[in-house]
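Please treat every number below as a calculation from the coordinates, not as lab data. In this text the structure is predicted, and so the values were computed from the model without any measurement. Cβ: placed from backbone, ideal geometry, glycine included. Neighbour counts: every protein chain shown.
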Amino acid sequence: MSSLIDVTLPHTSYKIVISPNSLEDIGRNLTSLDLGKKILVVSNPEIFNYYGKTVVNSLKKAGFNVFHHLIPAGETYKTLESISNVYDVALKHRLERSSTLLALGGGVVGDMTGFAAATWLRGINFVQVPTSLLAMVDASIGGKTGVNHPQGKNLIGAFYQPRLVYIDPTVLKTLPMREFRAGMAEVIKYGVIWDQDLFRQLETEKKLDSLDNINVEVMEKIITKSCQAKVDVVSQDEKEAGIRAILNYGHTIGHALESLTGYSKINHGEAVAVGMVAAGKIAVKLGMWSAENTQRQDNLIKKAALPSTIDNSLKSPEILDSLQLDKKVKAGKIRFILPTNIGQVEITENIASEVITTVLEEIKNQYPVVNNGV
């Protein structure tokens, strides 16, 4: 059973295909897009080892001339140096404006490949084939591309939409447990900011910490509803001039935690989970939503075996300073997305630093040991 979601934007449109056990059909799905013959597949060694041969063979069978380039896995490689290496390979194989960069991997690979596509020859075709849950429901959709700066996450980037997002949920079987949980943080986010039905669906599941604990049909429904939630928001606001900012729920403090720990101690989803816990507590202190609802949210985070506390080694003044470097800061004011009900949030910029500091201190603790899984 396949799902098809249309993404319609002012200057472009594309489709999200969600189709289990169909990775070998990627080539056939690209033939209708009127692409040039050259495709450069960008991936990391582990993902390419699992799925590279299937994707490359499918593309060749469809008549494409295929090359590949591998980037070491991890947020620490999300740099301009890595992008320069992609440019070198693009130049070597004489990629033209009709050529395509195809991202095969998680959010890091997708963000970097998209940025390279946006900037090589001032823009060439770009296709997303996400292999992590986080990339499937979030990073691959909406056109945000970029790399990190040592002092902040995604400070260098561009809005650049893919020609196609192709999702085969069955590839999640090779995703490490820790990365699956990271993706579940973004799923929970959609439930809080947009979709009450999705939130209730997550509440009915006994566990959210592993693909083994979720029924296959339910998992496909979760992915589809999460993708649709992001499409609903992005279609209203492609370049984050307004409502799209709600997708950053949990990300304000989350990005600060990632930056301060060198993008190596906690991953993006874990940081977002802590950020959501913090945002929920701030909203309660401001009287914007109930303690009961923040507890419901925190229960889902716990059910997904995600962290909910801040490492004691991080000092609150450091976190506040890092927040000021966030790209969402406007006129020196830190913009927070705060919940008002399940499925509803508000954008606010008038939060006293004392309130933020109080909440940060309340959730200070050592991160629990995270099972990296296999």
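For the chain, the normalised intensity computed at q = 0.07 Å⁻¹ comes to -0.28 (log10 of I(q)/I(0), Debye sum over alpha carbons, equal scatterers, no solvent).
Checked against a 32 Å cut-off, the cross-linked pairs 225/281; 15/364; 60/206; 38/173; 15/37; 61/92 give Cα-Cα distances beyond that limit for 15/364; 60/206.
One decimal place: the segment residue 151-residue 357 gains 72.1 nm when fully extended, by the rule 0.36 nm per residue minus the C-alpha distance. Using only the Cα atoms of the range 195-362, build the gyration tensor, take square roots of its eigenvalues as a ≥ b ≥ c, and label the shape rounded, prolate or oblate: rounded if a/c is under 1.5, else prolate if a/b is larger than b/c, else oblate. Prolate, because a/c is 1.5 or more and a/b exceeds b/c.
Filter the DSSP H helices in the chain by two things, a Kyte-Doolittle mean of at least 0.5 and an axial alpha-carbon span of 20 angstrom or more, and list the hits by number. Walk me through the numbers on the way to the answer.
Values: long enough: 177-193 (25 Å, 0.33); 216-236 (31 Å, 0.22); 268-285 (25 Å, 0.92).
Long hydrophobic helices here: 268-285.
Electrostatic bookkeeping for residue 362 treats Lys and Arg as +1 and Asp and Glu as -1; over the other residues with beta carbon under 11 Å from its beta carbon, the sum is +2. Taking the chain as a Gaussian network, Cα atoms linked when under 10 Å apart, which of 58, 259, 84 shows the biggest mean-square fluctuation? Ranking 58, 259, 84 by mean-square fluctuation puts 84 first. Counted by Cβ distance under 13 Å from residue 82, the other residues give a net charge of -3, where Lys and Arg count +1 and Asp and Glu count -1.
Packing, taken as the mean count of other beta carbons within 10 Å per residue, orders the peptides 302-308, 291-297 from highest to lowest as 302-308, 291-297.
Peptides 269-278, 37-46 ranked from most to least packed, by the mean per-residue count of other Cβ atoms within 10 Å: 269-278, 37-46.
Listed from fewest to most Cβ neighbours within 10 Å, the set 26, 356 follows the order 356, 26. Sorting 218, 127, 109 by the number of Cβ atoms found within 10 Å of their own Cβ, with the fewest placed first, yields 218, 127, 109. What net charge is computed for the residues neighbouring residue 59, neighbours being all others with C-beta under 15 Å from the C-beta of residue 59, Lys and Arg scored +1, Asp and Glu -1? Its environment carries a net charge of +4. Working from label points 7 Å from Cα in the Cα-to-Cβ sense, the residue 210 to residue 4 distance is 3.7 nm.
Taking 0.36 nm per residue of separation and subtracting the current Cα-Cα distance, fully stretching the chain between residue 243 and residue 53 would add 64.4 nm. Take the alpha carbon atoms of the range 16-85, find their center, do the same for the range 206-273, and report the distance between the two centers in whole angstrom. Each part's Cα centre sits 23 Å from the other's. Taking every DSSP helix (H) stretch of at least 4 residues in the chain, weighting each as -39,500 (n - 2.57) and dividing the sum by the residue count yields a mean residue ellipticity at 222 nm of -12500 deg cm²/dmol. Computed log10 I(q)/I(0) for the range 228-313 at 0.16, 0.24 Å⁻¹: -0.72, -1.16, from the Debye equation with unit scatterers placed on every C-alpha and solvent omitted.
Using modelled amide H (1.01 Å from N, peptide plane; none on Pro or chain starts), what sits under 5 Å from the amide H of residue 346, excluding residues fewer than 5 places away? For residue 346, whose amide H was placed from the backbone, the distant partners under 5 Å are 338, 340.
Each of 79, 224 has some number of other Cβ atoms within 10 Å of its Cβ, and from fewest to most they run 79, 224.
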